[in-house]
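Novice: Before I ask anything, let me first share the structure, which is written out below as structure tokens.
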Amino acid sequence: MRDLVEWFIHDRFVTKTEKLPADDPKYLGLQQQFEPQTWLADAARRVGQLQVVTHSLKAIHPDAKGTNLYVEPGQLNQSGLVGSHCLPADFQGDVVGNAAALDVYKFLKLEWQGRTLLERALDFDEALIDALSQDREEAESWVRAFASITEPKGTPSSHVMGKQLYWLVGDDPTDDKSYHLLAPLYATALTHCFYAQVSPNTWFFGDHNKAARKALKDKAPFEGGYTSYPNLAVQKLGGTKPQNISQLNSERGGQNYLLASLPPNWESREVYAPVRDPFRAFKRRPNVWRIVDELKRFLETDPAKNMHTRDLRDDLTSMLVDELMLFTFDIHSLVPGWTADEKCQLAPEEQYWLDPGRADEDSEFAEARRQSNWHEAISSRAASWLNRELSDKSPLSLGDAEHHHWKRQFEGIVKEFRQQLDDLQEALRDEDDDRGDAA
């Protein structure tokens, strides 16, 4: 365990000094700072700036300052509803506090013989005490400090920015004493587990669902269900700085999925092939023109160049990017090969984008699509379209700088989507080849 501790500290030192010459005064200062006993003493001091939690307050409001809680799932009431009590024993706790001290939490997450250093600290483990220092009193004080990372800071309190609600526990609604005042916290550990489960990378691109879709395409029997999460909402926490909310929120890029909580609303909606201008068809989507209009009205106010302006602008742009992906999925539901029709006037890159299934039947199309950087072309055209829409009948004068910004926003997700789509098609082709070899 001592070797593991010293390896971690040395690795941090190497990362900090990789661009510094050995005779640089900063290098010598860092060398002293990362001497194991010095670093451990400092880590034991800085751990007070962090708290491992299962339920956090900042997700309720980023400026809220109050009590966060760490509660083991087994300590909660085991009700028949889904809640934090359903978390497995190896659940992932979240971390709130000073982001500059997160290296201490990474240290406590180190595993030795199947248990993390934090688990050992909470158990006041003898092996951990022996590994930290030859001075037992010193080592014990450090272990107690590290174990305190799960304890609430200060006395329990809420905050003016936190939500509060009066909950009737008596029989008389007119009696103030018949209420409890509740201060809800965000079940961040449960949220992270839920996010991993419903993320499209898990259920849509998972091996089981890929096999199910392949069976559906081949009209073949398939054992086992098919998982789908329709109408997922994405709640963005922290804006462009998700790390200000918590560590796990930062790992999710600020995205938190919400299941649809509404009655069924069946709509019979035809999906038409955009044979001329896909972005003209894209603009007709109700959410698209509303988002564009809101973004235009905001920019026309000539807002101050500050963080609030950038966050709101980028949030609206992200909503447009999401709508573009929904539009893409809708068009992909059409029978593959529709772009081969002589009536289709789409550019090749637009065909590669909107009709990927044609590649399964048209080898020449498949090869041309594989060699094309169509995701870059589509991102550029999306940026040009947005510039035109924002400038139309408006005093706004948008040019290359804005085009470059919009393009980066679109290209990030379009490129990732292309990679996922290509991986899926490659996996399906490999399965076909394996089946052919077996026959």
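Read the figures in this text as sums done on the coordinates, not as results from a lab. Not measured: the values here are computed from a predicted model. Note: ideal-geometry Cβ built from the backbone for every residue, glycine included; neighbour counts use all protein chains shown.
Novice: Check the straight Cα-Cα distances from LYS343 and name the lysines below 23 Å, setting aside those fewer than 8 residues away within the same chain.
Specialist: In chain and number order, the partners are LYS283.
Novice: Got the relative contact order for segment 271-354 handy, in percent, Cα pairs under 8 Å and 6 or more residues apart?
Specialist: Numbers: 40 pairs, mean separation 41.7, N = 84.
After rounding, I find 50 percent.
Novice: Also: Just to confirm my numbers, what's the Cα centroid distance between segment 99-132 and segment 322-359 in Å?
Specialist: Here the answer is 52 Å between Cα centres.
Novice: Right, another one. Given labels modelled 7 Å from the Cα in the Cβ direction, how far is it in nm from SER363 to ASP123?
Specialist: So the two model labels end up 6.1 nm from each other.
Novice: A further question follows. Where in the chain lies the longest segment free of GluC sites (Glu not before Pro) that are both loop residues by DSSP (not H, G, I, E, B) and have at most 13 other Cβ atoms within 10 Å?
Specialist: Numbers: sites that count: GLU18, GLU223, GLU267, GLU270, GLU342, GLU361.
In short, 19-222.
Novice: OK, next. Between helix 400-438 and the chain, what is the angle of the helix's C-alpha long axis to the longest principal axis, kept within 0 to 90° and rounded to the nearest 10?
Specialist: 80 degrees
Novice: Taking the 0 to 90 degree range and rounding to the nearest ten, how far is the long axis of helix 374-391 tilted relative to the main principal axis of the chain, both from C-alpha atoms?
Specialist: 90 degrees
Novice: Which ³J(HN,Hα) values in Hz, rounded to whole numbers, follow from the phi angles of segment 169-175 under the Karplus curve 6.51 cos²θ - 1.76 cosθ + 1.60, where θ = phi - 60° and Gly and Pro get x?
Specialist: Running phi through 6.51 cos²θ - 1.76 cosθ + 1.60 with θ = phi - 60° gives 10, x, 10, 10, x, 8, 9 Hz.
Novice: Find how much the distance from ASP130 to SER261 grows on full extension, using 0.36 nm per residue of separation minus their present alpha carbon separation; answer in nm with one decimal.
Specialist: Numbers: separation 131, 0.36 × 131 = 47.16 nm, distance 5.24 nm.
Answer, rounded to one decimal: 41.9 nm.
Novice: With each label point set 7 Å from Cα along the Cα-Cβ vector, what nm distance links ALA215 and TRP289?
Specialist: It works out to 4.4 nm between the two label points.
Novice: Follow-up question, since we're still on this one. So if each residue of separation counts as 0.36 nm, and I subtract the Cα-Cα distance between TYR229 and VAL275, what length gain in nm does that give? Before the final figure, lay out each step's value.
Specialist: Values: separation 46, 0.36 × 46 = 16.56 nm, distance 3.01 nm.
Length difference between fully extended and current span is 13.5 nm.
Novice: Using alpha carbon centroids, what distance separates segment 55-80 and segment 158-227, in Å?
Specialist: 15 Å
Novice: Here's another thing I want to ask about it. Note down the nm distance, to one decimal, between modelled labels 7 Å out along Cα→Cβ at GLU376 and at GLU35.
Specialist: Here the modelled spin labels are 5.2 nm apart.
Novice: Can you list which of the trypsin sites (Lys or Arg not before Pro) found in segment 270-319 are DSSP loop residues with at most 14 other C-beta atoms within 10 Å?
Specialist: Working: sites: ARG276, ARG280, LYS283, ARG284, ARG290, LYS296, ARG297, LYS305, ARG310, ARG313; in loops: ARG276, ARG284, LYS305.
Qualifying residues, ordered by number: ARG276, ARG284, LYS305.
Novice: Something else now. Which order do the peptides 165-172, 62-69, 207-214 come out in when sorted by mean C-beta neighbours inside 10 angstrom, highest first?
Specialist: Values: 165-172: 9.9, 62-69: 17.4, 207-214: 15.1.
Taking the mean over residues of other Cβ atoms within 10 Å, the ranking is 62-69, 207-214, 165-172.
Novice: Still on this model: Over the chain, calculate the relative contact order: mean separation of alpha carbon pairs under 8 Å at least 6 apart, over the residue count, as a percent.
Specialist: Working: 481 pairs, mean separation 52.1, N = 439.
Reported as a whole number, the value is 12 percent.
Novice: Please go through segment 9-46 and write out the trypsin sites (Lys or Arg not before Pro) that DSSP classes as loop and that have at most 10 other C-beta atoms within 10 Å.
Specialist: Details: sites: ARG12, LYS16, LYS19, LYS26, ARG45, ARG46; in loops: LYS19.
Passing both the DSSP loop test and the Cβ count: LYS19.
Novice: Okay, moving on. Taking the Cα atoms only, what angle lies between the long axis of helix 188-198 and the longest principal axis of the chain, rounded to 10 degrees?
Specialist: With rounding to tens, the tilt is 30 degrees.
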